[in-house]
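Single-structure report; data block below.
The values are calculated or read from the model by the stated rules, or taken from the named source; none is laboratory data. All figures in this text were calculated on a predicted structure; none of them were measured in a lab. Note that we place each Cβ from the backbone using ideal geometry, even for glycine, and neighbour counts take in every protein chain shown.
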Amino acid sequence: MTLTLSHTFIAVDDHEAALKFYRDALGLKVTKDIAYEGMRWVSLSSDDQPGVEIVLEPPAADPNTSPADRKVLAELMAKGLLRGVAFATDDVDGTFERVAASGAEVVQEPMDQHYGTRDCAFRDPSGNFIRINQAHS
């Protein structure tokens with residue numbers, strides 16, 4: 001049996017701002033841009049992992065989400081408490097410089113971690129936590 005990751009979803013409240021971060025700053029490629037019933041889903045992938053898509057979706061894309069739950073999701077997003085993703089790179093310092101130069105919110109500058117990586121962290125425009133790491137050689 002083969003089991004691989006195909007998609008991961010990140011809630012965003014402004015797709016255009018999110019694209020400036022994920023496409024323009026991180027360098028991911030848009031693979032799909034789908035509008036449906038007043039909502040939008042944008043899929044992106046890396047040239048290095050074309051089979052894995054990050055899908056930028058509305059915070060409450062599930063039509064069964066109650067108004068109360070939508071409010072809670074919006075509050076969590078505004079506080080930056082929804083999780084994001086971790087990326088791996090072979091040049092964390094260069095990646096940091098490129099992303100920071102885009103105006104992205106820096107959470108942590110590159111630093112060596114005791115668990116064997118050098119990493120940095122940002123928040124995307126919706127407040128999602130994004131970590132970028134490089135394994136020590």
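General remarks:
- Candidates L73, L28: the one that is among the hydrophobic types (A, V, I, L, M, F, W, C), touching a Leu at 6+ places or on another chain (Cβ under 6 Å) and under 17 Å from S126 (Cβ atoms) is L28.
- Of the residues in region 6-20, not one is at positive phi and touching a Ser or Thr at 6+ places or on another chain (Cβ under 9 Å).
- Leading residue by the ranking (nearest to T95 (Cα to Cα)) among those in region 34-45 that are loosely packed, with under 15 Cβ neighbours inside 10 Å and not acidic (D, E): I34
- Residues in region 102-137 that are touching a residue at least 24 places away in the same chain (Cβ under 8 Å) and aliphatic (A, V, I, L, M) were compared, and the one that is nearest to V12 (Cα to Cα) is I130.
- Annotation for region 89-97: at least one member residue is among the β-branched types (V, I, T), under 14 Å from I130 (Cβ atoms) and touching a helix residue (DSSP H, G or I) at 6+ places or on another chain (Cβ under 6 Å).
- All of A18, A25 fail the test of being in contact with a strand residue (DSSP E or B) (Cβ under 7 Å, 6 or more places away or on another chain), of a type outside the set (S, T, Y) and at pLDDT 95 or above, apart from A18.
- Listed by position, the strands (runs of 3 or more DSSP E) enclosed by region 38-137 that each have at least 2 residues that are out of contact with any Ser or Thr (no Cβ under 7 Å at 6 or more places or on another chain) and among the small types (G, A, S) are 86-88.
- Tallying residues that are among the hydrophobic types (A, V, I, L, M, F, W, C) and within 25 Å of K79 (Cα to Cα) within region 1-58 yields 17.
- Here K29 meets each of (1) touching a residue at least 12 places away in the same chain (Cβ under 8 Å); (2) at positive phi with one exception, condition (2).
- Unmet requirement for R98, which otherwise passes all of (1) within 18 Å of P125 (Cα to Cα); (2) modelled with pLDDT of 95 or more; (3) charged (D, E, K, R); (4) in contact with a strand residue (DSSP E or B) (Cβ under 9 Å, 6 or more places away or on another chain): (4)
- Residue that is farthest from F87 (Cα to Cα), among those in region 46-68 that are among the hydroxyl-bearing types (S, T, Y) and surrounded by 13 or more Cβ atoms within 10 Å (Cβ to Cβ): T65
- Remark: F96 matches the filter, which requires a residue to be farther than 27 Å from E37 by Cα, buried (at least 18 other Cβ atoms within 10 Å of the Cβ) and of a type in the set (F, W, Y).
- Candidate set: region 28-37, residues that are part of a strand (DSSP E or B) and out of contact with any Asp or Glu (no Cβ under 8 Å at 6 or more places or on another chain); chosen: the one modelled with the lowest pLDDT: Y36
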